[in-house]
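As structure tokens, the structure follows; a few thoughts come after it.
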Amino acid sequence: MALKSGRKLQPSRSRRSQIFKNPKAAFALAVIFMDALLVALIIAYVPYTKIDWDAYMSQVTGFLGGERDYTNLKGDTGPLVYPAGFLYIYSAIRFITGGEVYPAQILFGILYIINLSIVIFIYVKTEVLPWWALILLSLSKRVHSIFVLRLFNDCFAMTLLHAALAMLLYQKWHLGLILFSGAVSIKMNVLLYAPPLLLLMLKAMNIYGVISALACAALVQILVGLPFLVSHPIAYISRAFNLGRVFIHFWSVNFKFIPEPVFVSKQFAISLLIAHLGLLAAFAHYKWCRHEGGLFKFLHSKVTSALSSSSSSGLKILKEEHIMTTIFAGNFIGIVCARSLHYQFYSWYFYSLPYLLWKTHFPTSLRLVLFVGVEFCWNVYPSNNYSSALLLCLHLLILWGLWSAQSEYPYVEEKLSTRKKEK
């Protein structure tokens, strides 16, 4: 028995030794450790910035007091505009911290390291970046501030979103959709990932699998919002999922150079929406579905397979790189076309930025210049005409780099009889 147990231990020991011999894995652990020290120092020595915390606590107080009408849940910065998942998360934070800022900062510091670990795991698994470039994920002054000095709900939404993406790398589409829907229940910006995610689901699963995964996501939203949907459904849906909000021009980081009358106009919003949809369609047709003959041919094949009698028709295993390229690029298109990006919105795409830069054909020096340039723009406070115009130019240059890059083949070699697939 001792000999057998010794033999069983050998593979695990060899796997551990291989991990530490792998420079990328070892460097990733070092990055996480050093960033944890940096976060601790920031919490200890950098003053907290009061922005939304008091408003969050006021909204949570109303909820815990029994209020279920979203029109009556307000804070000093205005009415509650986030789905119910936000209330549950911050109610738990209030219970743990007593509503005090310092223990909440420690909690958000832990969240920051968890999020960073998930993101680094995604990067190591996709192998797009060289090992030394992982350090870029820890070099954002603004993102550190968003997590541990501002305590925004974006932090929880993006951590849950990144966990969902990690599940997709293992072809766990149903679990990924559940986590994705949980992220949406905290903040609606996560829906920017929805169009490329739907396309990937159509590639990976048959139509019945897609419908069941979407049903799981819808069920999460119903369960999360149930106390409000039962009592005041219209107030909840109109406030928590308001797609027509107009943000204040002063806080815009990306379109500050646009005159305010134009910025708040419907024409500007519609123009950006058309650009958003057009770019998504163009990337889907010419880039993401290139190997399937284009978007329309791909959709036609899915309809045909749905009408066939074969239950396994349409099941595919997608390459990890194709999953992340499509997801990150699709979200980035939404970022480029967003009417207003506030400072905390940088967390919506910062962690995808190194990946996207290394998917372009640009030389490494230009990639680093673009990375530093974007970070610089996000640290100009308040934003001005020049910083916002520069940010837009940098975004468009990155987008052009993604457009002109070669599209990778999306599928792993098909061996459906020997590999287990999620339906």
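As a check on your grasp of the helix formula, calculate [θ] at 222 nm for the chain: sum -39500 (n - 2.57) over DSSP H runs of n ≥ 4, divide by the residue count, round to the nearest 500.
-21000 deg cm²/dmol
What number do you get for the chain when its Cα radius of gyration is normalised by 2.2 N^0.38 Å, N = residues?
Taking the Cα Rg and dividing by 2.2 N^0.38 Å, one obtains 1.03.
Within the P(r) computed for segment 121-271, what percentage of the Cα pairs occupies the region above 17 Å?
Within segment 121-271, distances greater than 17 Å cover 73 percent of Cα pairs.
For segment 102-166 and segment 177-243, compute the distance between their C-alpha centroids and round to whole Å.
Each part's Cα centre sits 23 Å from the other's.
Pick from GLY294, GLY66, GLY182: which residue has the top mean-square fluctuation in a GNM of the chain where Cα pairs under 10 Å get a spring?
Comparing GLY294, GLY66, GLY182 in a Gaussian network model of the chain, the most mobile one is GLY66.
Hey, can you grab everything whose amide H is under 5 Å from the amide H of GLY75? Only 5+ residues off in sequence or another chain; H modelled, so Pro and N-termini drop out.
LEU80
Can you give me the long-range amide H partners of VAL412? Hydrogens built in the peptide plane at 1.01 Å from N, cutoff under 5 Å, separation of 5 or more residues or another chain.
Sorted by chain and number, the residues that satisfy this are ILE317, LEU318, LYS319.
To the nearest 10 Å², what's LYS359's accessible area with a 1.4 Å probe?
Taking all protein chains as shown, LYS359 has close to 30 Å².
Rounding to the nearest 20 debye, state how big the charge dipole of the chain is about its Cα centre with +1 on each Lys and Arg Cβ and -1 on each Asp and Glu Cβ.
My answer is approximately 1420 debye.
Through the Karplus equation 6.51 cos²θ - 1.76 cosθ + 1.60, θ set to phi - 60°, convert the phi angles of segment 131-145 into ³J(HN,Hα) values in whole Hz; use x for Gly and Pro.
Karplus-based 3J(HN,Hα) across segment 131-145 equals 4, 5, 6, 4, 4, 4, 5, 10, 9, 9, 5, 5, 5, 4, 5 Hz.
The values are calculated or read from the model by the stated rules, or taken from the named source; none is laboratory data. Every value quoted in this text rests on a predicted model; they were computed, and no experiment measured them. With ideal geometry, Cβ positions are generated from the backbone for all residues, glycine too; neighbour counts draw on all protein chains shown. Quick note on the areas: whole protein, heavy atoms, side chains included, nothing else; ligands and nucleic acids left out. Shrake-Rupley method; radii C 1.70, N 1.55, O 1.52, S 1.80 Å.
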